[in-house]
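In what follows, a structure is listed as structure tokens, so that the remarks can point back to it.
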There are 2 protein chains.
Amino acid sequence: MSVYHTLTAADAVEYARRHAGVDQPGALVAAEEVGDGNLNLVFKILDGQGVSRVIVKQALPYVRCVGESWPLTLDRARIEAETLLVHGGFCPRHTVRILHHDAGLAVMIQEDLSDHTIWRRELINNVYYPQAAGQLGEYLARALFHTSDFYQLPQHKKAEVGRFSNPEMCQITEDLFFTDPYIDHERNAYPPSLAADVAAIRGDGALKVAVAGLKHRFLSQAQALLHGDVHSGSIFVAEGRLKVIDAEFGYYGPMGFDLGTAMGNLLLNYCGLPGLLDLRQAADAREQRLRDVRELWLAFAGGFQALALEKSRDIMLAEPGYARQFLHQVWVDAVGYCGTELIRRTIGFAHVADLDTISDEAMRHQCQRQALSLGGTLILAAARIPDVDALVARVRQNG
Amino acid sequence: MSVYHTLTAADAVEYARRHAGVDQPGALVAAEEVGDGNLNLVFKILDGQGVSRVIVKQALPYVRCVGESWPLTLDRARIEAETLLVHGGFCPRHTVRILHHDAGLAVMIQEDLSDHTIWRRELINNVYYPQAAGQLGEYLARALFHTSDFYQLPQHKKAEVGRFSNPEMCQITEDLFFTDPYIDHERNAYPPSLAADVAAIRGDGALKVAVAGLKHRFLSQAQALLHGDVHSGSIFVAEGRLKVIDAEFGYYGPMGFDLGTAMGNLLLNYCGLPGLLDLRQAADAREQRLRDVRELWLAFAGGFQALALEKSRDIMLAEPGYARQFLHQVWVDAVGYCGTELIRRTIGFAHVADLDTISDEAMRHQCQRQALSLGGTLILAAARIPDVDALVARVRQNG
């Protein structure tokens, strides 16, 4: 901690020259701070032609959008870099490349992805990347399989669970996903016109029991090294390409959480589309989103099963039929976590632009109401939704 | 590690004088080594009248019954003492009292329980302690509830999961419970007359898929600080009293494992009784065992639910109805783990006297066959056995 100081733009350039491992360090001449997140400084390091060559990212010791009153562990920078290095080892194609990291400064250097765009932005602007969902499924299959008990030797995995213990960041999720939306809490944010919907959620004992189960599994099931925050704003896309970034919530948790978060953000977009596009475009884009959800799950489950068949090192977990049975539990969890993401992004602390940028107020509230309703339905019905086709049918049924 | 050396009897006396905190240390004059286990030196420390006053227990760096060729971590002594201290904090009535412990020497001093008897011995000798099963259920309810997410604050619990990471001892369980009995392995031990039964188990894909699920949950579900080895040989009983000892397998795992191990040992005794007692006695004792299984579960579940109602600190897990729903999952797990205990104690490395001391060979094999058959049934049918009364009915049905 004692070496920690926040980097200036000049510091960032100097740091990149020393540690990025680029061919001509002297060509790095300027830095542009582009952090639009809440938690970090993010510098693009530019060459003499103004081309961004690498990214220097430094964690701040507090939540940036709130200020220094909400302190936040710097250890998340180590967790993020080490999570991405592990995932990158198993899925280099879809994990941002970490060139260097330093726990003391809470800083890392990562590859520049200026030729990519944040997926959420493209989803909102109706730019379709038909391969993206499948590639995200492939990333999750590779990252989660190789860090699970199917592949990790037990003693190594137990050490990894310790290395990726991430209590402060997990608590943010524990609070924002699984608690705040279901109680009266100052961090929540929703318009008065949703008050009745929110009250209905808080009065629904069966729903809260189901959420308690999802929270309990988030707290106790160390199935694999999760990304922990794999929403469409943590994903860069380009034509035929996809890269996952921002893994500061990485920890050993239930696989369904990553799948559910990813599916939930596609469905948040689905819910927002009628407010973002004209009627005809919205209908087409909604079909694309449902195809994306389907492709995401099938790519994950198919990839995981193929890896389980080929590479399982635990002789019992390798038993034919077990991976399929386990993946069904992951599926049920994923549907539930997907529902909690829909709810917490609509009425909780951290919203999504897919809903919040809808300019027409009445339409925005209608879309938000749909997200809430769909979220509640998925949480309650998760165990009775046998597969992704049934999920798609449920979503259509919800309107 | 450098301070470690095995204690002589004289060392043990001196150690107890210094650290046991007894009123008159000088009254401790002799030590008697009574370790009948495989892993430890156990000294009774005697006063001038030959009365045992405290126990000094030291871990050996290898499996005693096998020899120095099977090394075993000394850290298990720290884990054992710290597990018993935690459990003792929440259930002092039924946890052996730790007076002192020293990780470097892998030694602990615990209260003398010479006025108690090992429960397994009494079960075999048909000495009935009607309160014992209920007290064991109370111990498990208090120990597991207070170390679970219902009661522990999340950040503290994550630190505790790290403190009780117990990879080497867990691996013993992972191998002996969940792998060896289902494959050809030199550690297994069973008579040739059981070869067909063993082959049937190894050829049963559905059974092995179910065991894989139990193993996977043992590997990944950090629900509570388990005892980890709570069989009837780890339990002292006396009239109206019960004390749990020997927690070197302690770690954060699925609650059903402790419940299943405990129930499994009662059912191993149930299976062995026809070979241990005459017909009439055996029938009565079997009814007692079934009452014990029932009482054990009901005391655990009732105790846990009462604690959940009164003391849950997680606002979501406190939702009315959640504890009951969670306990049903624990129940299903417990039935499965009970089945694995029945199988591994019959054909695996470590057997139980309830079966092995049956002198008539044909009868012994018949009892062993019943244990195997019951074990397989419970593993396969766990999800379809709704409660403990249904379990008792299944056991009767099994013969």
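The values are calculated or read from the model by the stated rules, or taken from the named source; none is laboratory data. Worth saying up front: this structure is predicted, and the values here are computed from it rather than measured. All Cβ positions, even for glycine, are placed from backbone atoms using ideal geometry, and neighbour counts span all protein chains on display.
Values computed for the structure shown
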{"item": "Qualifying position, being within 14 Å of chain B (Cβ to nearest Cβ), more than 17 Å from A:L372 (Cβ to Cβ), without any contact (Cβ under 8 Å) to a residue 40 or more places away in the chain and not aromatic (F, W, Y), among A:A212, A:A224", "result": "A:A212"}
{"item": "Residue within region B:295-311 that is farther than 24 Å from B:Y182 by Cβ and within 12 Å of another protein chain (Cβ to nearest Cβ) present", "result": "yes"}
{"item": "Identity of the residue in region B:122-154, in a loop (DSSP other than H, G, I, E, B) and among the hydroxyl-bearing types (S, T, Y), that ends up farthest from the other protein chains (Cβ to nearest Cβ)", "result": "B:Y128"}
{"item": "Flag for A:A262 being under 18 Å from A:E341 (Cβ atoms), within 12 Å of another protein chain (Cβ to nearest Cβ) and of a type in the set (A, V, I, L, M, F, W, C)", "result": "no"}
{"item": "Tally of residues being of a type in the set (V, I, T) and not in a loop (DSSP other than H, G, I, E, B) across region B:312-330", "result": "1"}
{"item": "Conditions (1) surrounded by 17 or more Cβ atoms within 10 Å (Cβ to Cβ); (2) polar (S, T, N, Q); (3) in contact (Cβ under 8 Å) with a residue 60 or more places away in the chain: number failed by B:N398", "result": "(3)"}
{"item": "Residue ranges of strands (runs of 3 or more DSSP E) in region B:20-119 with at least 2 members over 18 Å from B:F236 (Cα atoms) and in contact with a Gly (Cβ under 9 Å, 6 or more places away or on another chain)", "result": "B:28-33"}
{"item": "Positions within region B:1-19 being among the hydroxyl-bearing types (S, T, Y), surrounded by 15 or more Cβ atoms within 10 Å (Cβ to Cβ) and not in a helix (DSSP H, G or I), in sequence order", "result": "B:Y4"}
{"item": "One residue from B:E138, B:E122 being touching a helix residue (DSSP H, G or I) at 6+ places or on another chain (Cβ under 8 Å), charged (D, E, K, R) and crowded, with 18+ Cβ neighbours inside 10 Å", "result": "B:E138"}
{"item": "Complete set of residues in region A:173-186 that are away from chain B (no Cβ under 11 Å) and closer than 18 Å to A:G250 by Cβ", "result": "A:L176"}
{"item": "Residue in region A:151-170 that is under 21 Å from A:G264 (Cα atoms) and surrounded by fewer than 23 Cβ atoms within 10 Å (Cβ to Cβ) present", "result": "yes"}
{"item": "Residue count for region B:259-315, restricted to those that are charged (D, E, K, R) and closer than 26 Å to A:A212 by Cβ", "result": "4"}
{"item": "Out of A:L259, A:L298, A:L307, sole residue that is touching a His at 6+ places or on another chain (Cβ under 9 Å), in contact (Cβ under 8 Å) with a residue 40 or more places away in the chain and closer than 30 Å to B:G205 by Cα", "result": "A:L307"}
{"item": "Only one of B:A141, B:A196, B:A189 that is among the small types (G, A, S), in the same structural domain as B:F257 (by TED's automatic domain parsing), more than 24 Å from B:D75 (Cα to Cα) and without any contact (Cβ under 8 Å) to a residue 12 or more places away in the chain", "result": "B:A196"}
{"item": "Options A:A159, A:A199, A:A189: the member that is at the interface with chain B (Cβ under 10 Å from one of its Cβ atoms) and small (G, A, S)", "result": "A:A159"}
{"item": "Which numbered condition A:W119 fails, given (1) within 14 Å of another protein chain (Cβ to nearest Cβ); (2) touching a strand residue (DSSP E or B) at 6+ places or on another chain (Cβ under 9 Å); (3) not β-branched (V, I, T)", "result": "(1)"}
{"item": "Count of region A:317-347 residues which are touching a Pro at 6+ places or on another chain (Cβ under 6 Å) and under 24 Å from B:L214 (Cβ atoms)", "result": "1"}
{"item": "Filtered residues of region B:85-97 (kept if buried (at least 20 other Cβ atoms within 10 Å of the Cβ) and within 22 Å of B:R17 (Cβ to Cβ))", "result": "B:V96"}
